[in-house]
């Protein structure tokens with residue numbers, strides 16, 4: 001795997017920051033999350049707030065028409081699910097390694113793009129011009145989303161700069177389809193959803209029938225919670241191994257930084273700190289989140305109305321404040337007082 005200067009810098013981060021921890025359950029501090037729920041109730045666009053702490057769902061509240069059975073369009077949080085499917089495919093040998101060149105799946109690829117790897121798509125470092133933003137409309141209206149994404153000019157060396165692009169994740173869906181011999185939905189249902197105990201709704205497909213690889217997945221809050229707890233528990237759901245422990249480690253290793261948000265990015269998951277604790281999160285337009293904080297044994301899920309940017313209306317910042325001030329901080333303070341143990345992955 002190629003290491004960019006950013007990665008080399010990020011590897012200097014102390015190992016005990018942001019690695020899944022094993023907490024001590026010898027003492028259970030009592031914490032009230034009433035303020036978190038009260039603040040959440042005031043958000044007109046929020047559908048749900050779930051908090052899973054130390055394996056227990058300590059908060060499950062729905063708002064504004066949301067319910068446990070109502071799936072929400074998780075928007076770009078779909079990219080984190082696609083990344084999980086790639087991890088499963090690698091673990092099963094469908095994809096040999098993340099270093100596999102994507103030309104193995106797209107043999108007509110321009111030779112100038114021959115160095116792009118599966119990992120480059122996972123980390124948004126393909127170097128291809130983005131299909132998001134101003135190019136999204138033309139991409140979505142094209143007869144072949146795969147060809148359109150692959151035809152984008154190289155504007156950076158593969159493996160170098162992060163250029164956020166939904167087209168990268170869609171190419172991963174196309175690769176999954178080729179590598180597994182199944183549609184992305186079929187593979188997701190068999191390899192991820194069924195082991196986690198649910199049926200995954202079908203979602204949108206491109207004009208060639210490939211399931212959308214970076215958007216439009218429909219999931220309930222509890223389904224998102226199951227994915228979050230799988231990542232929290234180092235790839236296991238209960239006693240069942242879903243993803244390798246190494247995949248979780250690689251996912252939570254910084255590979256790039258968004259020039260827009262400043263957030264670090266790994267294998268389809270974002271990273272930031274809340275109250276001094278690293279959080280790894282799936283992030284979807286409008287306020288769809290799975291937050292995983294390994295050293296606190298904590299998963300937080302929110303779903304929201306998905307038709308308006310959460311950044312422009314203050315909804316995103318309100319979610320961040322609730323997570324940081326009303327969930328993470330109280331847990332951090334209480335667990336420190338009772339001698340909560342942390343360990344690196």
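The values are calculated or read from the model by the stated rules, or taken from the named source; none is laboratory data. Keep in mind that this is a model prediction, so the values were computed, not measured. With ideal geometry, Cβ positions are generated from the backbone for all residues, glycine too; neighbour counts draw on all protein chains shown.
Evaluate region 76-97: report whether one residue or more is surrounded by fewer than 20 Cβ atoms within 10 Å (Cβ to Cβ), in contact with a strand residue (DSSP E or B) (Cβ under 9 Å, 6 or more places away or on another chain) and in a helix (DSSP H, G or I).
Yes, the conditions are met somewhere in region 76-97.
Select from region 104-130 the residues that are assigned to a helix (DSSP H, G or I) and under 21 Å from the mean Cα position of the chain (by Cα) and write down the one among them that is surrounded by the most Cβ atoms within 10 Å (Cβ to Cβ).
121
Rundown of residues vs (1) over 30 Å from residue 132 (Cα atoms); (2) modelled with pLDDT of 95 or more; (3) within 13 Å of the chain's Cα centre (by Cα), yes/no style:
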residue	(1), (2), (3)
225	no, yes, yes
241	yes, yes, no
245	yes, yes, no
252	no, yes, yes
261	no, no, no
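Please note which strands (runs of 3 or more DSSP E) are completely contained in region 239-328 and include at least 1 residues that are touching a strand residue (DSSP E or B) at 6+ places or on another chain (Cβ under 9 Å) and not assigned by TED's automatic domain parsing to the domain that holds residue 58.
Working: elements: 270-274, 277-284, 288-293, 298-304.
Counting at least 1 such residues, we get no strands (runs of 3 or more DSSP E) at all.
For region 198-217, how many residues are surrounded by fewer than 16 Cβ atoms within 10 Å (Cβ to Cβ) and touching a residue at least 40 places away in the same chain (Cβ under 8 Å)?
3
Can you give me the number of residues within region 208-223 that are within 15 Å of the chain's Cα centre (by Cα) and under 17 Å from residue 167 (Cβ atoms)?
Count: 5.
I need every pair where a residue in region 131-155 that is assigned by TED's automatic domain parsing to the domain that holds residue 110 and part of a loop (DSSP other than H, G, I, E, B) has its Cβ under 7 Å from the Cβ of a residue that is modelled with pLDDT of 95 or more and surrounded by fewer than 13 Cβ atoms within 10 Å (Cβ to Cβ), sequence separation at least 6 or different chains.
143/207; 144/207; 144/208
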